[in-house]
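The values are calculated or read from the model by the stated rules, or taken from the named source; none is laboratory data. Please read all numbers here as calculations on a predicted model, not as lab measurements. Glycine also receives a Cβ, built like all others from the backbone with ideal geometry; neighbour counts cover every protein chain displayed. SASA here: full protein model, heavy atoms, side chains in, ligands and nucleic acids out. Shrake-Rupley method; radii C 1.70, N 1.55, O 1.52, S 1.80 Å.
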Amino acid sequence: MTTRLQFWTLARLTGLLLLIVTLTHMAGFQIASRFVIAGDFAATGAKIAQNESLYRLALLSYGASSLLSVGLAVTFALWIAPFSRLAAGLVLGWRLFEAVCATVAWAIRFALVDNQTTPNLLGQAGAEALHRVLRDISNAAFDLGAMGLALATLIGFFILFQARLLPRLLSAIAIVGAILILGSSIVTLGWPDTHIPSSMAFAVTLLSNLGIGLWLLVRGDRPQHAKLLAQQA
């Protein structure tokens, strides 16, 4: 029992949760995006109706990712707390903000399934107008959540970069991805009609998260070095 507890350090728990959150987010996005036909409300609704259970499963995968982000926020904050309590508090706050925004966003998308697949009293035009309004709110929530994720990543991985708890290259890639996400989210939130290649920013972040999660799960943190730095902090 003691050996198991020693193995599951905060670093390894953070790595495990980072992998699960990333994989569930990627699965939800990849599946749900295949149902969307840009600019065609009726065709998208028809495609969802053909396999509604799979589409709902994709949205639930999004939801699971958001809820598990709460646990990730806690373990990540506790891990870096010995080096900077302020940074740990900011990381926890921004990641919880991200989790709340993402949960609101996917819940709206989940509620929109019936609006897209079944007739309602508003008629086709009314249903499409309602969809656009709620979709815009959902997109704004996603953008706000992405900004919270980016800020938490910048703060947290800056601490990890300084403390050398990860290979510095991994920390640097995570920081670059966070800067790209922050910039693209600010632009899309302020100017929704602007089309920017935000998918590249998320791809960098998701791939770096997978690499960091695997590294932490296999290697854990560097306990002796970490203790020395914590004592000096």
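Quick notes
- Set Gly148, Gly156: member being in contact with an Asp or Glu (Cβ under 7 Å, 6 or more places away or on another chain), modelled with pLDDT of 90 or more, open to solvent by less than 30 Å² (accessible area, probe 1.4 Å) and not hydrophobic (A, V, I, L, M, F, W, C): Gly148
- Test: Leu189 is surrounded by fewer than 19 Cβ atoms within 10 Å (Cβ to Cβ), modelled with pLDDT of 80 or more and either within 27 Å of Leu134 (Cα to Cα) or of a type in the set (S, T, N, Q) (or both): yes
- In the range 55-85, the residues that are under 28 Å from Glu128 (Cα atoms) and either without any contact (Cβ under 8 Å) to a residue 12 or more places away in the chain or open to solvent by 60 Å² or more (accessible area, probe 1.4 Å) (or both): Leu57, Leu60
- Taken over the range 30-46, the residue count meeting the criterion of being of a type in the set (S, T, N, Q) and surrounded by 11 or more Cβ atoms within 10 Å (Cβ to Cβ) is 2.
- Cβ-Cβ distances below 6 Å connect the following pairs, each with a first residue in the range 158-179 that is within 12 Å of Val204 (Cβ to Cβ), a second residue that is among the aromatic types (Phe, Trp, Tyr) and open to solvent by less than 40 Å² (accessible area, probe 1.4 Å), and a separation of six or more residues or different chains: Ala174/Phe157; Ile175/Phe157.
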